[in-house]
Amino acid sequence: MDLLEHQGKQLFGRHGLKVSDGKAVTTVEEAVAAANEVGYPVVVKAQVLIGGRGKAGGVKLAANEGEAREHASNILGMDIRGHTVRTLWIEHASDIATEYYASVLLDRQAKQPMVMFSVEGGVEIEQVAQDSPEKLIRHHVDALNGLSREEAVQIATDGGADADVIEGVADALLALYEVWLSEDATLAEINPLIVTPDRDVKALDAKVSLDNNALYRHPENQGLSDSENEDPIERRAKEQGVQYVALDGDVGILGNGAGLVMSTLDVVAQAGGSPANFLDAGGGSDAAKIKQAVELILANDKVKAVLFNIFGGITRCDEVAKGLIAAFEEIKPSVPFVVRLDGTNDVEGRRLLEQAALPNVHPAKTMNEAAEKVVALAAGAQASAGAAA
Amino acid sequence: MSVLVDERTRLCVAGMTGKEGSFHTLNNRRYGTNVVGGVTPGKGGQDVEGIPVFDSWEQAASEAQPNTAMIFVPPRFAADSILEAAAAGVDLVIAITEGIPAHDELRVYNTLKRDHPNTRLVGPNCPGILSPGKANVGIIPASFFEEGNVGVVSRSGTLTYQIGNEIAQAGFGCSTIVGIGGDPVPGSSFVDIIELFEADEQTELIVLSGEIGGSAEEEAAEYIAEQVSKPVVAYIAGFTAPAGKQMGHAGAIVSGSAGTAAAKAQALEEKGVRVGRTPTEVAQIAVEILGGVAAER
């Protein structure tokens, strides 16, 4: 789960990382009041989960109330690469002497936490890693011992931090590590980590990703994330405990098992189609769960045809068939379905479907055949819709 | 031969008294796996259809001498159960549990490495290990697999069944199917399992089924080029997955430009590993190579 800047800064504050005073607001009036409160000059910052806010005009400096009002009304509602700005973060503008970069992440290859630090802050860190890798310090931390003060000082020194802020940078790194560790983050990043003219070290931005699997031990973090910008069907799926990811095509997909569903998306794409979603019905899905999944898929009105690709292990094909039949009774879908049932109780599942003789449901023997059929049906629906128009 | 589980397996299951745990444990026993016990704190002395339940791994180890542990407990208890099994001296721990926090997995991985280097962890969030005709530990539906000479290692369950079933329909079988799981910090990597298949006499061909996220497939490509003499066929799922979205598995996520399916397929192909574009194509390539292997005999 990715957090907005202001949410990340809230977590930073909890662990003693220095951030500027500020307020998260959702209206122009609130923005002006917040600006008056924190004191000018202020920075008006769009809160979206996408990089390049500054370039898109989503971060502006305001010297007075008039400018604060102007920027807030321009930025609220702005679209930044598909993300609508619904929240602003208003903070007191900081004087900047130097910009650094710092992050802590889970290095999957080394299977250790990794601290990264660079004196080349305020720019894309991938660019620094590519152009001057010697300027990006990568330090693996022993997961069982944690980051020591000595290590943090060494990282700051090796990275070339100014001599008079080595201790300040080390403090920031230790606090950032603490955020990563105690909040169950998979990433905690500050870019830029600034040094002010009076040599204070502060986090000017915050990028934090939390582990969804660990949210049960952080009830205070459960309300975070950019829920307003979330896809409404994804949000509904999450509430129902279904693994659903919205995509931008027109072929609805349901399968069991994350790998098989990913593979199904690929095979549909190879057949010339464009998947509308990822949906993993999970192991052991019963009829009620299947019905719920069909409702989610059809909630997306771009869907022109639906593919069920089931290889039953724990999941029983007869249960899937029953679920589909129940769903048809209630929802009466207007789009065609292609159903491939293989594995546990597949014969019974196929027999149930045949018996029910659902309108517009096409059986397929293999995954490849199913993909070709559903793509043709989706294209047909497109063509007839075009002809009707 | 086969790898990891076989007739010598003595299985003990944490969480055997739960609904899922008992269902799958009894399934495994029905297949012929020697199930010697279960561990559920507070339920020591009970039994599940004759299989004794112990209060702790320590007690299970001393009374039932398991050499293999299966972990079926809920995510919040799983990390400690894995470590207790290792501390009790169990050599192989197979963790089925899905949803364990990544930080717990990191702690488990590094603690095993430091304190219990002889214990191998497979999973978590995996379907288990099946050596057809010998033993089944986990939730893999054994009826789709025949005994044979293909070693399968996979990050995904159902995708493995799909590929394994197509290979079986072509008349070939498997030495062992190993699910390494879909989490960010798996106990065993592709490389760990491929090393075992390379040394296993029965295995003549290795199928690797990977997916987006992390770099385990790229590491496997390097290893295969340097250390593996047997043919390897690979599949990668998730070519159409958008960046930054978790695709079902906690570990299946493209981060920026890292961990894409295209990069993984390319890394494998550059090292001479054939990559099938669909599960069916993987099975076809495998069958083609196996046909050649059989003809040479």
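The values are calculated or read from the model by the stated rules, or taken from the named source; none is laboratory data. No experiment lies behind these values; they were computed from the predicted model shown. No Cβ is skipped: glycine too gets one built from the backbone with ideal geometry, and neighbour counts run over all protein chains shown.
Quick notes on this one:
- Restricting the range B:182-200 to residues that are within 24 Å of B:Phe239 (Cβ to Cβ) and either not in a helix (DSSP H, G or I) or not aromatic (Phe, Trp, Tyr) (or both), the residue that is farthest from the chain's Cα centre (by Cα): B:Pro184
- Within the option set B:Thr160, B:Thr203, B:Thr176, being of a type in the set (S, T, N, Q), more than 14 Å from chain A (Cβ to nearest Cβ) and either in a helix (DSSP H, G or I) or surrounded by 24 or more Cβ atoms within 10 Å (Cβ to Cβ) (or both) holds for one residue only, B:Thr176.
- Within the range B:111-124, being more than 16 Å from B:Gly179 (Cβ to Cβ) and more than 11 Å from chain A (Cβ to nearest Cβ) holds for B:His116, B:Pro117, B:Asn118, B:Thr119.
- Identification of strands (runs of 3 or more DSSP E) wholly contained in the range A:176-224 with 2 or more residues that are within 14 Å of chain B (Cβ to nearest Cβ) yields A:185-195, A:207-210.
- Failed criterion for B:Glu63 (all others in (1) assigned to a helix (DSSP H, G or I); (2) out of contact with any Gly (no Cβ under 7 Å at 6 or more places or on another chain); (3) over 22 Å from B:Pro124 (Cβ atoms); (4) without any contact (Cβ under 8 Å) to a residue 24 or more places away in the chain hold): (4)
- Index of the failed condition, B:Ser2 passing every other in (1) modelled with pLDDT of 95 or more; (2) crowded, with 22+ Cβ neighbours inside 10 Å: (1)
- Note on the range A:126-145: residues that are under 16 Å from A:Ala172 (Cβ atoms) and either touching a residue at least 40 places away in the same chain (Cβ under 8 Å) or within 14 Å of chain B (Cβ to nearest Cβ) (or both) total 1.
- Residue tally, condition out of contact with any strand residue (DSSP E or B) (no Cβ under 6 Å at 6 or more places or on another chain), part of a helix (DSSP H, G or I) and within 14 Å of chain B (Cβ to nearest Cβ), over the range A:315-348: 2
- A:Gly57 being touching a helix residue (DSSP H, G or I) at 6+ places or on another chain (Cβ under 6 Å), under 26 Å from A:Ser225 (Cβ atoms) and not assigned by TED's automatic domain parsing to the domain that holds A:Ile166: no
- When A:Ala258, A:Ala271, A:Ala246 are checked against the criterion of being farther than 30 Å from A:Val42 by Cβ, facing chain B (nearest Cβ under 7 Å) and either touching a Lys or Arg at 6+ places or on another chain (Cβ under 7 Å) or not charged (D, E, K, R) (or both), A:Ala258 stands alone in meeting it.
- Condition check for B:Gly181 on (1) more than 8 Å from chain A (Cβ to nearest Cβ); (2) of a type in the set (Gly, Ala, Ser); (3) surrounded by fewer than 24 Cβ atoms within 10 Å (Cβ to Cβ): one failure, at (3).
- Applying the set (1) away from chain A (no Cβ under 14 Å); (2) over 23 Å from B:Ser22 (Cβ atoms); (3) of a type in the set (A, V, I, L, M) to B:Val108 leaves exactly one unmet item: (1).
- Every residue from the range A:120-168 that is in a loop (DSSP other than H, G, I, E, B), surrounded by fewer than 15 Cβ atoms within 10 Å (Cβ to Cβ) and in contact with an Asp or Glu (Cβ under 8 Å, 6 or more places away or on another chain): A:Ser132
- Qualifying residues in the range B:214-241 (those that are in a loop (DSSP other than H, G, I, E, B) and more than 7 Å from chain A (Cβ to nearest Cβ)) - the one surrounded by the fewest Cβ atoms within 10 Å (Cβ to Cβ): B:Ser229
- Filter result for B:Glu269 (touching a strand residue (DSSP E or B) at 6+ places or on another chain (Cβ under 6 Å) and more than 25 Å from B:Gly123 (Cα to Cα)): yes
- Here the range B:91-105 is the region considered, the condition is being under 17 Å from the mean Cα position of the chain (by Cα) and of a type in the set (A, V, I, L, M), and the residue that is nearest to the other protein chains (Cβ to nearest Cβ) is B:Ile100.
- Looking at A:Gly282, A:Gly272, just one residue is within 20 Å of A:Ala321 (Cα to Cα) and assigned to a loop (DSSP other than H, G, I, E, B), and that residue is A:Gly282.
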